[in-house]
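Have a look at the structure below, then the notes.
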Amino acid sequence: MWLTLCFVAALLLAVPGGGQGERSDVYVVYMGAVPPRTSPSFLQETHLRLVGSILKRGKVARSVVVQQYKHSFSGFAARLSKDEAAALRHKPGVVSVFADPVYQLHTTRSWDFLQQTDVKIDSARRYSAKPAASSAPTTDTIIGLLDSGIWPESPSFEDTGFGPVPSRWKGVCMAGDDFNSSNCNKKLIGARYYDLGEVNGAGTRSSSNSPRDEAGHGTHTSSTAAGNAVTGASYYGLASGTAKGGSAASRLAMYRVCSDEGCAGSAILAGFDDAVGDGVDVISVSLGASPFFNPDFSEDPIAIGSFHAVAKGVMVVCSAGNSGPDPSTVVNAAPWIMTVAATTIDRDFESDVVLGGNRSAVKGGAINFSNLDKSPKYPLITGASAKSSSASRVESASHCEPGTLDASKIKGKIVLCNHSQSDTSKMVKVEELQSAGAVGSILVNDADRSVTTAYLDFPVTEVTSEAAADLYKYISSTSEPVATIAPSITVTELKPAPVVVYFSSRGPSAQTGNILKPDVAAPGVNILASWIPTSSLPAGQKQPSQFNLISGTSMACPHVAGAAATVKAWNPTWSPAAIRSAIMTTATQQNNNKAPMTTDSGTVATPFDYGAGQVNPTGALDPGLVYDLAADDYLHFLCNYGYGASQIKLITSPAAGFSCAGNASKDLISDLNYPSIAVTGLGAAASRTVTREVTNVGAQEDAAYTVAVSAPDGLDVKVVPSKLEFTNTVKKLSFQVTFSSKNAPPAKSALTGSITWSDGKHIVRSPFAISN
């Protein structure tokens, strides 16, 4: 599959150690928050003394340390033997020591569609276009991206019209291969790169001596989050229009922590540490671990880095992963992270199959620049009819698996092939067909049809099983079936949209079942955004496109990061939790048919698919009420999760006298003041009460909100009080929600619904999911 799916390789590759022939690997040594009034230089010396205390005589501490963390948290990464790493685990002040993991990247019209869905779908929502209390944004926001680098020459990053770089900015523009300080400007104000460790699987250090993007991913996500509006953007004429970021007025800073082979955990931590020290407002992270590699929070670089970033007031937005549609595949699910699922937009790329005999065209979809004759004159055959004598199974030939077809039977023909997710990849199949002399191919593909694949010059289109039935009927009823494949065209106002795409990772979180994840959904399918120059050009094209169409939760994440930066610009004093609340409680749950959103399989979407719903950037500017969280709330979450007070005191610096409650348990995680509610372990004829507190941030100080509950059969939901009355002196009010089950919730699903507060202007909606 061409998507950059979320898999992790726990690569512990040997390098020579200290001249002793001793195996050594990179380990991360995490030491919690930076102690108060500690200078970075003192901290660095402390790290060197600590690592020096466990090294054998003759080994120098500076020679083994590859990263040091000194701004938002303390720690380092070093090349150590297994015994040396074990010795450090027992040193005072050390929270955890873990082998450096390798995470993977989770890989226009999308922003226009978000604005349209606000107007066309949610006409009942009466939001202001901007906060009533302000006439203009008050903060110049900075978005930092931890990604594969950036292509600074892209028009998305020009600085025309930008004022001076904010005086609070402390970052740098690192010089490197084909990159110097002049590549930064008043839009792209910072760029760093890091030693990526042994992420290429060959036992050698990955080459990343520059902030310059070699994969394209970081350029794409950066322009999606905050790229300038670029008119006339397209992918070789497809998806033409204006490409723009969600917060085009924001500045950008790139922290290159990935290559196209992966992202080193030690570099991810360095990126977080520097981004916070540099002064970013929002961090966008479109990468993560595999759902099958589930590290504890204290051994997960993203969880560690984001925890300390949020503690410093920096919003962190992460992709949910590309391991759907299986349940419990969501990653980056810590409650201090905003976790983003992926949906489609109302655009597709149509490439139809034209049949002989004046028959109706069969609708297909793909990106191809077919140069076939418009008249249906090419012989059309099935893969099964071209089975080679050496192939053992007709079914494999019907799927056009490599090595199963007779090249003499497919030369000059269009080949109809079945395709399923367990097959050889589509691109491998197509390449073999092309090399064998086929003039085109039609793939029958239901599973991932919603994601358009780019085949460029070779004429390929994909059809559903329903559409394929017409093709098979035509082939069987005609002695000499012929067809042609039309080049792709852009189709807009597609319905229904949005839908939750199959690859988007689903909840519930295997790690934090009493926190509802993902948080929200955003466009992540066939997103047009800036790209690096490429040598793979369609025929007749002399210049590479400056834009590309890519899919993944990687693409959804920067949509929300851009929205968060805009909310921050209007509300500079809001905490990351308040910004997340504003985005979640104003999200939409309907598609452009004014019906409930579905998954691409047609089932009605649930909070485990899309969290609170599709992000609504305009609505988030005026949420009415927010669910806020302070640093202590996350500490009590850690208590309930299972951390002891002594370990928490190593991780951070709580107030004097901090302790975990004697009754701390995972059930109490449901009481975290989150904008959604998840309760697990609710049996038959049982009840559970959770508490929430909301803060009035609307323009009207005197405001009265009443509650409405949407609950499924079998679950009674009672909210007390049912009315909240705010005044100029009463800004915060609490309420309790009691869930009472008549029967136990289904074993492998949950009872879902919502609680909505409204004052007649604002609609503040919180989804819930109750399971046994």
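The values are calculated or read from the model by the stated rules, or taken from the named source; none is laboratory data. Note that the coordinates shown come from a computational prediction; the quantities given were computed from them, not determined experimentally. Quick reminder, even Gly has a Cβ in these numbers, built from the backbone with ideal geometry, and neighbours come from all protein chains shown. Each accessible area value is taken on the protein alone, full model and side chains, heavy atoms only, with ligands, DNA and RNA left out. Shrake-Rupley method; radii C 1.70, N 1.55, O 1.52, S 1.80 Å.
Our Cα-only numbers for segment 544-657 put the radius of gyration and Dmax at 18.5, 62 Å.
Give me the dipole magnitude in Debye, nearest 20, for segment 377-530 about the Cα centre, with unit charges on the beta carbon: positive for Lys and Arg, negative for Asp and Glu. It comes to approximately 120 debye.
Counting heavy atoms of the protein chains only and a 1.4 Å probe, report the per residue accessible area for segment 248-389 as a whole number of Å². It would help to have the intermediate numbers written out before the result.
Working: 3700 Å² over 142 residues.
Per residue, segment 248-389 has 26 Å² of solvent-accessible surface.
Distance from the alpha carbon centroid of segment 262-303 to that of segment 307-367 works out to 21 angstrom. Maximal additional length on extending the Asp159-Asp457 stretch stands at 103.7 nm, based on 0.36 nm per residue less the C-alpha distance.
Where the accessible area of segment 377-449 is counted over protein heavy atoms with a 1.4 Å probe, how much of it, in %, is carbon and sulfur? Kindly include the intermediate steps, with their values, before the conclusion.
Details: 1560 of 3140 Å².
Of all accessible area on segment 377-449, carbon and sulfur atoms account for 50 percent.
Quickly rank 172-180, 326-334 as a protection proxy: mean count of other C-beta atoms within 10 Å, highest first. The partial results should precede the final answer.
Values: 172-180: 16.3, 326-334: 23.9.
Top to bottom by mean Cβ count within 10 Å: 326-334, 172-180.
Within a straight-line Cα-Cα reach of under 17 Å, Lys718 can be paired with the following lysines, leaving aside sequence neighbours fewer than 8 residues apart in one chain: Lys742.
Dipole of segment 555-642 computed with +1 at Lys/Arg Cβ and -1 at Asp/Glu Cβ about the Cα centre; of Ile583, Asn593, Cys639, farthest Cα towards the positive end is Asn593.
For segment 318-380, relative contact order (Cα pairs under 8 Å, six or more residues apart, normalised by length) works out to 22 percent. Under 26 Å of direct C-alpha separation, and excluding same-chain neighbours fewer than eight residues apart, Lys649 reaches these lysines: Lys70, Lys91, Lys312, Lys666.
For segment 266-349, which whole percent of the accessible surface, found with a 1.4 angstrom probe, sits on carbon and sulfur atoms? Kindly include the intermediate steps, with their values, before the conclusion.
Numbers: 710 of 1490 Å².
Here carbon and sulfur together make up 48 percent of the probe-accessible area.
The string of couplings for segment 668-682 from the Karplus curve (6.51, -1.76, 1.60, θ = phi - 60°) is 6, 4, 4, 8, 4, 6, 9, x, 10, 10, 10, 10, 10, x, 8 Hz, one whole number per residue in order, with x for Gly and Pro. Only protein heavy atoms count here; on that basis, with a 1.4 Å probe, Val697 has an accessible area of about 50 Å². Its alpha carbons considered, segment 618-772 gives a radius of gyration followed by a Dmax of 17.2, 47 Å.
Would you list, by chain and number, the aspartates and glutamates whose Cα falls below 20 Å from the Cα of Lys409, excluding same-chain residues fewer than 8 positions away? Answer for Lys409, where 20 Å is the Cα cut-off: Glu395, Glu401, Glu431, Glu432, Glu480, listed by chain and number. Please compute the modelled spin-label separation between Thr424 and Ser740, points set 7 Å along Cα→Cβ, answer in nm with one decimal. Distance between label points: 6.2 nm.
State, as an integer percentage, the relative contact order of segment 465-621 based on alpha-carbon contacts under 8 Å between residues 6 or more apart. Numbers along the way, then the final one.
Details: 199 pairs, mean separation 48.6, N = 157.
Computed over segment 465-621, the figure is 31 percent.
Each of Leu682, Tyr705, Val720 was scored by the projection of its Cα onto the charge dipole of segment 670-729, and the greatest displacement toward the positive side belongs to Leu682; charges sit on the C-beta of Lys, Arg, Asp and Glu. Take segment 452-501 with all the other protein chains still there, run a 1.4 Å probe, and you get 43 Å² of accessible area per residue. For Val482, nonlocal amide neighbours, meaning residues 5 or more places apart or on other chains whose placed amide H falls under 5 Å from its own, are Gly356, Leu380. Overall shape of segment 269-315 was characterised from the C-alpha gyration tensor. The equivalent ellipsoid obtained from it has semi-axes of 21, 11, 8 Å, in decreasing order.
Counting only protein chain heavy atoms and rolling a 1.4 Å probe, the accessible areas of Glu401, Glu480 rank, largest first, as Glu480, Glu401.
With 24 Å as the limit, write out which pairs from Lys732/Lys761; Lys56/Lys82; Lys186/Lys568; Lys244/Lys761; Lys568/Lys731; Lys594/Lys748 have Cα-Cα distances beyond it, or answer none. Display every interim value, and only then the final one.
Values: Lys732/Lys761 19 Å; Lys56/Lys82 13 Å; Lys186/Lys568 19 Å; Lys244/Lys761 30 Å; Lys568/Lys731 20 Å; Lys594/Lys748 29 Å.
Correct reply: Lys244/Lys761; Lys594/Lys748.
For the chain, the Cβ-based charge dipole about the Cα centre amounts to some 760 debye (Lys, Arg positive; Asp, Glu negative; other atoms uncharged).
Ratio of Rg to Rh for segment 308-419: 1.22 [Cα atoms; Kirkwood radius as inverse mean 1/r over pairs].
Taking the alpha carbon gyration tensor of the chain, multiplying each eigenvalue by 5 and rooting it gives semi-axes of 43, 34, 26 Å, largest first.
Annotation: Lys91 carries an accessible surface of approximately 60 Å², with a 1.4 Å probe and no ligand, DNA or RNA atoms counted. Amide H contacts for Ile283 (H built 1.01 Å from N in the peptide plane; partners 5 or more residues away or on another chain; cut-off under 5 Å): Gly144, Met315, Val316, Val317. Computed from the C-beta positions of Thr492 and Asn663, the FRET efficiency with R₀ = 51 Å rounds to 0.40. Positive-end ranking of Val51, Val285, Ser536 along the dipole of the chain, with charges on Cβ about the Cα centre, is headed by Val51. Using just its DSSP H runs of length 4 or more, each adding -39500 (n - 2.57), the chain gives a mean residue ellipticity at 222 nm of -6000 deg cm²/dmol after division by all residues.
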